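Structure first, commentary second.
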Amino acid sequence: MNSWKDVQKGWGVWGPKFPVIDAHNHLWGDWTQCRGIEKVMDASGVVLYCDLTANISIAWAGGGYEFQTGDITEFFRHSSERFYAFTAATFSRSKTLPLFSDAAQFQEETIRLMREHAALGAKGLKILKELGLHYRDDSGNLIFMDDDRLAPIWEEAADLDIPVLIHQSDPFWFFEPVTPENEHYESLKKYPAWSFADRKRYPGKMELLERRDRTVKNHPRTRFILPHVANYAENLDYVSRLLDDNPNVSIDFSARMDEIGRNPQETRSFMVQHQDRIIFGTDMPVSEEVYRAYYRFLETRDEPIVPPDYDGTFERYRWKITGLELPDEVLKKIYHQNILDLIPSLREPFAKLLEFSGFSQEQQNKAD
Ligand SMILES: [Zn+2]
């Protein structure tokens, strides 16, 4: 356990026990943030940061956002060695346009971009939640993850040996009416586009999860990372079974500390049981306070801890959470070992950067 004395000797605030990789985040094409984020990383013991959407830029408007296809070479030009990238390939288009009219052409273009971006250094494929909720074909039908027309893309990821991080569905309450009883009322009022309660327009949460789960089962060669506790943080039994049934699946728990931190005992057993399959990521604008909240949650038995909101503030929580005090070997796997096993080409930059990340020699040795 880091005492405040250790903290003073180390890098500022509640440093993590082991070096960290933030394996789920987004720069959204705004490269001017990189310097500031690096400073936060230095102060927080974060060695590497993944920009999952390195070929998408975003414009915020009217409580929602709009995508634009960006240029991944700009990521490599403007970010430093502290950042690595996933590509969204062709899944980078505005959600208001049809995703494709000619499926064969779409497959071909997606596969070409995946190969091109992987050759440039992209470490994985990211698919946003718009698949299943917004993206349509030219007949106006929603395209779901288990659509046969997408199957060659998942197989190509296996051939390229890159993981697919795919976000499907969202917290339970995002699919329920936006009333004051809704546990995420404050967030849904602030970001109305996050509500999928309109059942005439959107499929239900379970339909999205079931289609996803069928897909991961049908593509056992492909390695999938299912973020946000496989988007069913409210039901760890379900996620536990999913992990048991599908050795090709890993999860991250980005932006779900609130959900899992309200059941600390169940969550602790879950994390210990699946310690080889869980990846650290935050998926929010980072600050020393955000990282510190994660470290306190994972490493201490503290209560109450205020969990960060989805946008990195600490204003809209309805409940506080309790720390898990995970064992050291579990922390080390979650903080960096599991993602290094999933993406072995990160090992070399990780080892090299450790020297510059403010960790003592003793801590660096412990990180191996
Ligand atoms: Zn994300």
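A quick yes/no check of all residues on (1) over 18 Å from the mean Cα position of the chain (by Cα); (2) within 16 Å of the ligand (Cβ to nearest atom); (3) closer than 24 Å to ASN248 by Cβ; (4) open to solvent by 10 Å² or more (accessible area, probe 1.4 Å):
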{"position": "PHE91", "(1), (2), (3), (4)": "no, yes, yes, no"}
{"position": "THR96", "(1), (2), (3), (4)": "yes, no, no, yes"}
{"position": "LEU99", "(1), (2), (3), (4)": "yes, no, no, no"}
{"position": "ALA118", "(1), (2), (3), (4)": "yes, no, yes, yes"}
{"position": "LYS123", "(1), (2), (3), (4)": "no, yes, yes, yes"}
{"position": "LYS129", "(1), (2), (3), (4)": "no, yes, yes, yes"}
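Of the residues ILE72, ILE58, the single one that is out of contact with any Ser or Thr (no Cβ under 7 Å at 6 or more places or on another chain) and touching a residue at least 12 places away in the same chain (Cβ under 8 Å) is ILE58.
Taken residue by residue, segment 258-266 has at least one member that is within 16 Å of the ligand (Cβ to nearest atom) and over 18 Å from MET41 (Cβ atoms).
The residue that is nearest to the ligand (Cβ to nearest atom), among those in segment 136-194 that are in contact with a Ser or Thr (Cβ under 8 Å, 6 or more places away or on another chain) and among the β-branched types (Val, Ile, Thr), is VAL164. Just one residue in the set ASP198, ASP245, ASP258, ASP237 is within 18 Å of the chain's Cα centre (by Cα) and among the charged types (D, E, K, R); that residue is ASP258. Filter segment 184-218 for residues that are of a type in the set (Phe, Trp, Tyr), more than 30 Å from ASP244 (Cα to Cα) and touching a Phe, Trp or Tyr at 6+ places or on another chain (Cβ under 7 Å) and give the result. Listed by number, the list holds a single entry, TRP194.
Does ILE251 fit the bill of being more than 16 Å from the ligand (Cβ to nearest atom) and not charged (D, E, K, R)?
Values: more than 16 Å from the ligand (Cβ to nearest atom): no; not charged (D, E, K, R): yes.
No, not satisfied.
Reported count of residues in segment 326-364, each being at pLDDT below 95 and either over 26 Å from ARG301 (Cα atoms) or not in a helix (DSSP H, G or I) (or both), is 11. Here ILE111 qualifies as in contact with an Asp or Glu (Cβ under 8 Å, 6 or more places away or on another chain), surrounded by fewer than 24 Cβ atoms within 10 Å (Cβ to Cβ) and modelled with pLDDT of 95 or more. In summary, HIS336 fulfils each of the numbered conditions (1) open to solvent by less than 10 Å² (accessible area, probe 1.4 Å); (2) more than 22 Å from PHE18 (Cα to Cα) with the single exception of condition (2).
The values are calculated or read from the model by the stated rules, or taken from the named source; none is laboratory data. Because the structure is predicted, anything quoted here is derived from the model rather than measured. Here Cβ is always computed from backbone atoms with ideal geometry, including for glycine, and neighbour counts include all displayed protein chains. What goes into the accessible areas is simple: the full protein's heavy atoms, side chains included, and nothing from ligands, DNA or RNA. Shrake-Rupley method; radii C 1.70, N 1.55, O 1.52, S 1.80 Å.
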